[in-house]
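The values are calculated or read from the model by the stated rules, or taken from the named source; none is laboratory data. None of these values were measured; they are calculated from a predicted model. Glycine gets a Cβ as well: all are built from the backbone with ideal geometry, and neighbour counts include every protein chain shown. Note: accessible area is taken over every heavy atom of the protein model, side chains too, but ligands, DNA and RNA are not part of it. Shrake-Rupley method; radii C 1.70, N 1.55, O 1.52, S 1.80 Å.
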Amino acid sequence: MRLRPVPADEIEEPWLWRQSTGPWFRPTSDARLSDLRRSVFGDAVAGIKPGRPIRVNTYVFAAPGVDVDATHNLLGQYARDRGWAVHRERFTDVPTGGSLPIRPQFNIACRRAGSGFVDGVLTTDRGAMPSTDEAYEAYLRWLHRHAAFVAFSKPTLGGTAWTDH
C-alpha cells in the first residue's frame, strides 16, 4: 500500500506521556480506493453460488489512440481465460472534452451489474474510471451495496497481464 506522511499540524496527540515514534503515514487516495475496489470484488465474488461462473461485461474508455474493438476483445479473452462468462453487451465511452468527463456508458455498465444481469464490470485500469476520487468511490460503494464489482485487466500485445481485481 502506498503511504504519504501526515502533516505535523494534523496529528492529534492526546496522550502527553507518549512520545512520538516518528513520522505518521496514511494511505494515498489511490491506495485507499484500490483497497476498496479489491474488497468490493472479494465480497461480490464470495456471494456467487459455487459452480456458477463470474459474469462480466466489458467497458472501455476510448481515449485517443485506443483501439476499442481490440481492447474489448482482449478484455473478453482475459475473462474467458479465468473461466468468467462475458456478456454480449460491450460499453464504450469517448472523451467529451469538457472539464468533467461524462461517462454514460460506464453508468449503464454499472447499472447492469447492480441489477444482476452480470456480476461485474471488467475494464483496463483506473484511467477508465471516473476521474474524481469522490465519483469513483461513490460508484464502488454503490456496486458494493448491489453485490457487484469493477475488475481491472491491463491488455497488452500478445496477451493480457494480470494487474489485480
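Values for this structure:
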read-out	value
Checklist (1) touching a His at 6+ places or on another chain (Cβ under 9 Å); (2) open to solvent by 20 Å² or more (accessible area, probe 1.4 Å); (3) in a strand (DSSP E or B) applied to Phe117, failing item	(3)
Conditions (1) in contact (Cβ under 8 Å) with a residue 12 or more places away in the chain; (2) surrounded by 15 or more Cβ atoms within 10 Å (Cβ to Cβ); (3) assigned to a helix (DSSP H, G or I); number of the one not met by Arg32	(1)
Region 127-155, residues that are of a type in the set (D, E, K, R) and in contact with an Asp or Glu (Cβ under 7 Å, 6 or more places away or on another chain)	Lys154
Residues within region 48-106 that are open to solvent by 80 Å² or more (accessible area, probe 1.4 Å), free of Cβ contacts under 8 Å to residues at least 60 places away in the same chain and assigned to a helix (DSSP H, G or I), tallied	3
Any chance Asp30 is touching a strand residue (DSSP E or B) at 6+ places or on another chain (Cβ under 8 Å), of a type in the set (D, E, K, R), within 23 Å of Tyr136 (Cβ to Cβ) and modelled with pLDDT under 95	no
